[in-house]
Amino acid sequence: MAPVAYFALATALLTLIPHVTAQGCNATSPCPSTAPCCSEYGFCGSGTYCLGGCEPLYSYKPTSCRPDPICVSGETSFTDLSRVQQNATAYNGNATAYDWVVNTGTVVVDPNGQGTRLTLTQNNGGTKLSSTRYMHYGSIDFVLETSKWAGVVTAAITMSDVKDEIDWEWPGATTDAVQTNHWFMGIANYSATEGASVPVSSDTSSNFHTYSFDWHEEYLNWMIDGNVVRTLFKQDTLSAGGSRYQYPSTPSRIQISIWPAGISSSAQGTIDWAGGLIDWSDPDYVSNGYFWNTFQSVKMSCATDEGNQTIGVGTTGWTYGGNDSTGVPIVTTTNASILLSGSERSIVPVGSSWRSAGALTLLGSLALAGGVALM
């Protein structure tokens, strides 16, 4: 199975949206100064394109993107949504006011009072939340119940602006195991991740479990209910040519989602991986109006914390300075503003006429898959 970058899917999707044109951005075609920021979906623009997920290496210059707000250790209980910005277009980069942003989709309070449901309908393309702050090593504890329907995927991941990624994923109706993966700048080594599915002690859709990343500069642990189920050592990720370590090493947002893998527009490998096509006539969907997972809490313990004395006075976030000689991104700290001004908050793709926010929502749903489709 081969990876396909999701910005390629976004390009295909644009053909389905009338009145929309946008310049794509990639390693050989960076954004122009008139629309300097390469969004996480691979298109040039300004305003909110310059916030979380802005791809610095494909933007007009790395500093076109707003700095990545530095992690603050703490725990979010999803029984309280007061620090979740549910209108992504209203978010101006103020990570002090909000801990999470709903990038696309809809959240609803769990009727049993145990957290928040992320919903999937035929029309919303799934739901994704991203943390407003970035972790550069540390530990993350996700407490959740998964989805349980063929074609529906639950995910809890880290994602950096240059597509370093660490994954937990629960595909389809499999509720007795979970899959683990890692990516380096959007590249997965399937020979290294093959067979990385691990068992879970009880049904993942009807029991809350704690799934953790323990992420260090030299190694990474995946843990379930406090027990290590997989370890990756940086020294084992040396590239075939021996020039660099292909290990997740850049500041990353935390993302939680539910997304539709089992739909006709997905690659057949993706559909098979997710257990088949989604049955929209399923009684659970008909009675509730959506499929769902339930997140109870997310706890972050940051190796580099905004309150640490090692962070200089006035430091606002991380920024990128291009790549080193091996092609690994260079990350530094900065005191530049993380905020958009009022006039900057509208999204302006270059050469575009965006007729509705629905187009952005549809594009946003592409990122729920964590970066690739499977052929």
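Report the gain in length on full extension from ASN323 to THR96: 0.36 nm times residue separation, minus Cα-Cα distance, nm rounded to one decimal.
Values: separation 227, 0.36 × 227 = 81.72 nm, distance 2.97 nm.
Going from the current span to full extension adds 78.7 nm.
GLN296: net charge of surrounding residues, Cβ under 12 Å, Lys/Arg +1, Asp/Glu -1, itself excluded?
Summing Lys/Arg as +1 and Asp/Glu as -1 gives -3.
Shape call for segment 29-75 from the C-alpha gyration tensor, a ≥ b ≥ c root eigenvalues: rounded (a/c under 1.5), prolate (a/b greater than b/c) or oblate?
prolate
Can you give the convex hull volume of the alpha carbon atoms of segment 109-241 per residue, in Å³?
It comes to 136 Å³ per residue, whole-number rounded.
Between ALA336 and SER265, what length in nm is gained on full extension when 0.36 nm per residue of separation is reduced by their alpha carbon distance?
Length gained, ALA336 through SER265: 21.4 nm.
What does the charge count around ILE166 come to, taking other residues whose C-beta lies under 14 Å from its C-beta (Lys +1, Arg +1, Asp -1, Glu -1)?
For residues surrounding ILE166, the net value is -3.
Using +1 at the C-beta of Lys and Arg and -1 at the C-beta of Asp and Glu, which of SER212, MET159, PHE233 has the Cα lying farthest in the positive direction of the dipole of segment 129-258?
Final value for the positive-end residue is MET159.
How many percent of the accessible area of segment 215-300 is carbon or sulfur, using a 1.4 Å probe?
Answer for segment 215-300 is 48 percent, counting heavy atoms of protein chains only.
Quick check: net charge around THR76, other residues with Cβ under 13 Å of its Cβ, Lys/Arg +1 and Asp/Glu -1?
Net of charged neighbours comes to -1.
Any idea what the relative contact order of segment 139-266 is, in percent, if you count C-alpha pairs under 8 Å spaced at least 6 apart?
31
Is there a pair in LYS128/LYS299; LYS61/LYS128; LYS128/LYS163 whose C-alpha atoms are over 22 Å apart, and which pairs would that be?
Beyond 22 Å: LYS61/LYS128.
Could I have the simple spin-label model distance between ARG83 and ASN26, label points 7 Å from Cα toward Cβ, reported in nm to one decimal?
Between ARG83 and ASN26, the label points sit 4.0 nm apart.
Give me the 1.4 Å probe accessible area per residue for segment 97-232, excluding ligands and nucleic acids, in Å².
Dividing the accessible area of segment 97-232 by its residue count gives 33 Å².
Between VAL286 and ASN207, what's the calculated FRET efficiency when r is the beta-carbon distance and R0 is 30 Å? Round to 0.05.
Step by step, r from the Cβ atoms, then E = 0.75.
Find how much the distance from LEU277 to THR34 grows on full extension, using 0.36 nm per residue of separation minus their present alpha carbon separation; answer in nm with one decimal.
Gain on stretching LEU277 to THR34: 83.3 nm.
Extending each Cα 7 Å along its Cβ direction at ASN308 and GLU218, get the distance between those two points in nm, one decimal.
Placing both labels 7 Å beyond Cα along the Cβ direction yields 1.6 nm.
Which value, in Å², gives the accessible area per residue of segment 240-314 when a 1.4 Å probe is used on the protein heavy atoms?
Computed with neighbouring chains in place, this is 45 Å² per residue.
The values are calculated or read from the model by the stated rules, or taken from the named source; none is laboratory data. This is a predicted model, so every value here is computed, not measured. Note that each Cβ is placed from the backbone with ideal geometry, even for glycine, and that neighbours are counted across all protein chains shown. Side chains included, ligands, DNA and RNA excluded: accessible areas come from the protein's heavy atoms. Shrake-Rupley method; radii C 1.70, N 1.55, O 1.52, S 1.80 Å.
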